[in-house]
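Structure first, commentary second.
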Amino acid sequence: MTDVREELSAEPRQLSPRTRLLVGGGAALLACASLLTGSHPPGCTTSAPGPSTAAPWATSDDPLVRSLHFSALDRARAPHDLVPAGVLASDVAPTSRDVGAVDGVQVYLARGHGFTCLAVDGRKAGYAVAQQCLLDVTVANRGLYLSVGYDTPAGTPVSRWPPDQHDSLLVVAVPDDATVLTGASTEHMADLPNAAVLRPSEGEVLLQRGDRPPVTLQRAVEDVPAGC
């Protein structure tokens, strides 16, 4: 009988070419599965647009929140401030103020008790309608902004529309003491009273109030190495 200790201490055999091929194929399949599940090999980094905020989070009684102010909302309401139906929720529409337009894209601000609303009516320029209402504490910490894409009529072949008409616009509500910070590649389509209309690139878009750390509205899109 062969000594068990000899079997345990014996060196493993070299893998045959066929076995090595199978093992290599299995490793490749595992790598593909890793990509499909959202994992990336070391050295691969991705970044998607999205909000972020500097810590700590300001609470509702923080001076940053209490001082949140949009002068456009202070002026007397005029006939042109009447927001079209479907642009703002009916309970805040009577408080709307038209803060200006760029290339047919109309921007509105509205306000309720403890919250602020931003709305865009881009139908004259072929863009969609969008609105966002946030508590003032959220506006102070994350910013108030929305992305408006081109509204292609249902049933219209995509080939009928020029590619640049599918670009989205980033509309940012800008409090009195705030500044929008962008890279040189981001197009500033308009700087309106308490609002900015941008055609963003792959760079960052930041909003800074006074000497506070800036809030990131859109993150930079990093280049992903080949094979990731």
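The values are calculated or read from the model by the stated rules, or taken from the named source; none is laboratory data. Quick caveat, the model's predicted, so the values are computed rather than measured. When we count neighbours, we look across all protein chains shown, and the Cβ atoms used for this are built from the backbone with ideal geometry, even at glycine. Just so you know, the surface numbers come from the protein's heavy atoms only, side chains and all, with ligands and any DNA or RNA stripped out. Shrake-Rupley method; radii C 1.70, N 1.55, O 1.52, S 1.80 Å.
Computed over neighbours whose Cβ is under 11 Å from that of ALA128, the net charge equals -1, Lys and Arg +1, Asp and Glu -1. Of the solvent-accessible surface of region 63-217, computed with a 1.4 Å probe and all protein chains present, 54% belongs to carbon and sulfur.
Across region 188-208, the residues whose backbone nitrogen lies under 13 Å from the label position 7 Å along the beta-carbon direction of ALA78 are 193.
Using the beta-carbon distance between ASP91 and ASP167 and R0 = 41 Å, what value does 1/(1 + (r/R0)^6) give for FRET efficiency, to the nearest 0.05? Efficiency, from the Cβ-Cβ distance: 0.80.
The alpha carbons of region 63-217 give a radius of gyration and a Dmax of 15.7, 51 Å, in that order. Out of region 69-120, which trypsin sites (Lys or Arg not before Pro) are coil in DSSP terms and have no more than 12 other C-beta atoms within 10 Å? Listed in order of number, the matching sites are ARG75.
Sorting the segments 194-202, 57-65 by their mean number of nearby beta carbons within 10 angstrom, highest to lowest, gives 194-202, 57-65.
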